[in-house]
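Everything on this sheet refers to the single structure shown next.
The values are calculated or read from the model by the stated rules, or taken from the named source; none is laboratory data. In this text the structure is predicted, and so the values were computed from the model without any measurement. Every residue, glycine as well, gets a Cβ built from its backbone with ideal geometry; the counts of neighbours run over all protein chains shown. With ligands, DNA and RNA removed, areas are computed over all heavy atoms of the protein, side chains included. Shrake-Rupley method; radii C 1.70, N 1.55, O 1.52, S 1.80 Å.
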Amino acid sequence: MQWQRLRSLLRYANERSPFYRDLFRRIGAEPGDFRTLDQFKREFPKTDKKDFLHFQAEQPHYGRTLAVSEAEISMHAETSGSTGLKLHIPYTLYDTERYGESWIYGWWALGIRPTDSFYFAFNWGTFAGFWSAYWGVRRLGATVYSGGGQSTSGHIEQIIRLKPTVVLATPTYAVRLAEEAVKMGVDLPSSAVRFTYHAGEPGPTALPALRRQLEEAWGAVAGETLGVAELDAMAPNCPLGRGVHMNELNCFSWSCDPVDDVEVAEGEVGENVVTSFVQNAQPLINYRTHDLVRAYHRLCDCGRTWRYFDGSVLGRSDFMITVKGTNVYPTAVEVMVTETPGVSPYYQVLLDRLPSGLEELTVRAEADPKLPKSEYVPLAERLARRLKDSFEVRIPVEIVDPETLPRFELKTKRIIDRRPEEFRRQLDR
Amino acid sequence: MANDLSELIRRVHDLYRLTKDCREGLDIPAVDRALELAAMHLHDALWVLGADVGLNPDFDAPSDAAGPTTSGKEST
C-alpha cells in the first residue's frame, strides 16, 4: 500500500511542483523509473529544510516547491524559526484533514474518545503544532476549549471552570501550569483532567522523569505525538509509553546514516527520513528530519505493526556534537539532568567552542526550591559524576538559584549554542 | 457489509464517483461546495480503507504500480 501511495506521490510531484519537475530532470529519471522502495531510498535525492528555506527566500511565500495554486491553500503556518529562518508551510483543506487524523491515533491509543473535551493551553498564532491538533479534535468529534489569550493563572481558572478532560500543551508549559496551580491553591489531580497531551519538545516518551513529573502533578496520563510541522503529526505515542510509532497510513519512512547516507540496520541509530502523503500543497519526499531514532519494524507488544522508535527521538543529526572526541547528544544529557533529584525542570545545556577548537558542553540547572544553598556544590558534583559515568567525558555542571532561568510558553530554549556562527551548520545558526 | 472490506470499498467508491458526477456543470455554489467536501471525505474513507486511489480527489487515478518491492516494508 505504501508503494502505491509513493508512486502516486512521485507522479503528482512531477506534474504539479516545479521544484520536483526540475529535480526529476536533473537526475534524468521519470517517476515510473522507480520500481522498488529500496531503489527509491537509494536513488531518489534527499530533500532538506534548507532547500525549502532557500526557495522561499528567493520567491516568497513558498517558492518553486508548491504543487497547488495559492488559492487552494487553506491554512498557512510557520515554524518558530529556532534554526534561524521561519519555514512557511502551506496546507490544503485535505492536508489539514489528514494531518488532524494523525493526531487521533495517539489519542485513541491512550483511551481518549469523541466524548472527551480538549483544553488548548496555547495562544494560537502561526505555530503549526496545536493548530493541527485542533484539526484533529474537530475530526475526532470531541469538544474544543480555546485557551487563547489567557495568562498562566487564567488557564488554570478556565481548566477548573470548563472541566476539560484533556489538556494540550508543550511538556514544559504543562509543568509550568502545574506549578502555578499549586501557587493558586488548586489541586489539579482532583480536577476533571484525565489526560495531558504534548508535542513540540522532548516529552514524556523521551524523558521518563518528565512523565513521572507530569503524571504526578496533574493526576493524569501523559501522552505525546512526535511531529514535524511541515510533514505531519507523524508518530503517535505507543500506548506502552516507551516509544512512538510512525503513522504508515500517511508517511513512508526509513533510517539512514547521517554521514554516509546509507540505510542503517534495524535497531541501529539513524536519521529518520520521511516521505509524507499528507502534504499535498508542498510535497515532501525523502525529507531529512535530522531526528536520530532507533527504529524497529516488527509487531509491537501493543499490537501495532507501524515502525517503532524506541525512546522517540534520541537526538539530532545536525546537533550531534563531539565533546573531546566523544559524540554526545544533548537530548541524552537532558535525560540525565531530569533524572537527578534536587534539580528543577528548568535547565540549560550550553555549547561553547574553546580557544583550542574543542567543543564543550556545560549544564546549568536551577536547584529545586526546597534544596538548601549549601547543597548546590554537592549536587553539581553528583550530576557531573553521573554525566561522566554515562558519556565518558567531563561535562561541567553549574547549579543556580530557583526562578533565575528564563521561562517559555512555547518551545523552551534549553540548548544554548554559544559557538561562533562560522563554526555552526547553517540550520543551527 | 461492514465486515466485507472489498464490498465496503466498492460501495464507497460508487458514492465517491456519484458525488463527483453530480458536480459536473452544477451552478449552485453552496451545493457544489458541499459535494466537493463530500467527495474529499469519501476519498479519505477510501484512503483509510487502503483502497488503490490517487493522492487526492484532484489526482485520483489508481496507482499503476505493478507491485512488489524487495524491502518487505511495502505494506502496513
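Could you check how many residues of region B:41-50 are open to solvent by less than 30 Å² (accessible area, probe 1.4 Å) and under 8 Å from the mean Cα position of the chain (by Cα)? Within region B:41-50, residues that are open to solvent by less than 30 Å² (accessible area, probe 1.4 Å) and under 8 Å from the mean Cα position of the chain (by Cα) number 4. I'd like the full set of residues that are open to solvent by less than 70 Å² (accessible area, probe 1.4 Å) and assigned to a loop (DSSP other than H, G, I, E, B), limited to region A:187-199. Those that are open to solvent by less than 70 Å² (accessible area, probe 1.4 Å) and assigned to a loop (DSSP other than H, G, I, E, B): A:S191, A:A192, A:V193, A:A199.
Just to be sure before I move on: is A:L53 crowded, with 17+ Cβ neighbours inside 10 Å and either closer than 16 Å to A:I285 by Cβ or free of Cβ contacts under 8 Å to residues at least 12 places away in the same chain (or both) in the structure I sent?
no
Against the list (1) open to solvent by 30 Å² or more (accessible area, probe 1.4 Å); (2) out of contact with any helix residue (DSSP H, G or I) (no Cβ under 8 Å at 6 or more places or on another chain); (3) within 14 Å of chain B (Cβ to nearest Cβ), the condition A:G28 fails is (3). Looking at region A:226-322, the strands (runs of 3 or more DSSP E) lying wholly inside it that each contain 2 or more residues that are within 13 Å of chain B (Cβ to nearest Cβ), in contact (Cβ under 8 Å) with a residue 40 or more places away in the chain and closer than 23 Å to A:P45 by Cα sit at A:251-256, A:269-276.
Just one of the listed residues (A:L379, A:L371, A:L383) is surrounded by 15 or more Cβ atoms within 10 Å (Cβ to Cβ), at pLDDT 85 or above, in contact with a Leu (Cβ under 8 Å, 6 or more places away or on another chain) and in a helix (DSSP H, G or I), and it is A:L379. Taking the residues in region A:2-14 that are more than 7 Å from every other protein chain (Cβ to nearest Cβ) and touching a Pro at 6+ places or on another chain (Cβ under 9 Å) as candidates, determine which candidate is nearest to A:P90 (Cα to Cα). Across region A:2-14, the extreme among qualifying residues is A:A13.
For A:R35, the criteria (1) in contact with a helix residue (DSSP H, G or I) (Cβ under 9 Å, 6 or more places away or on another chain); (2) assigned to a loop (DSSP other than H, G, I, E, B) hold in every case but one, which is (1).
Conditions tested, residue by residue: (1) at pLDDT below 95; (2) open to solvent by 80 Å² or more (accessible area, probe 1.4 Å); (3) not in a loop (DSSP other than H, G, I, E, B).
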site: B:L8; (1), (2), (3): no, no, yes
site: B:D14; (1), (2), (3): no, no, yes
site: B:T19; (1), (2), (3): no, no, yes
site: B:P68; (1), (2), (3): yes, yes, no
site: B:S71; (1), (2), (3): yes, no, no
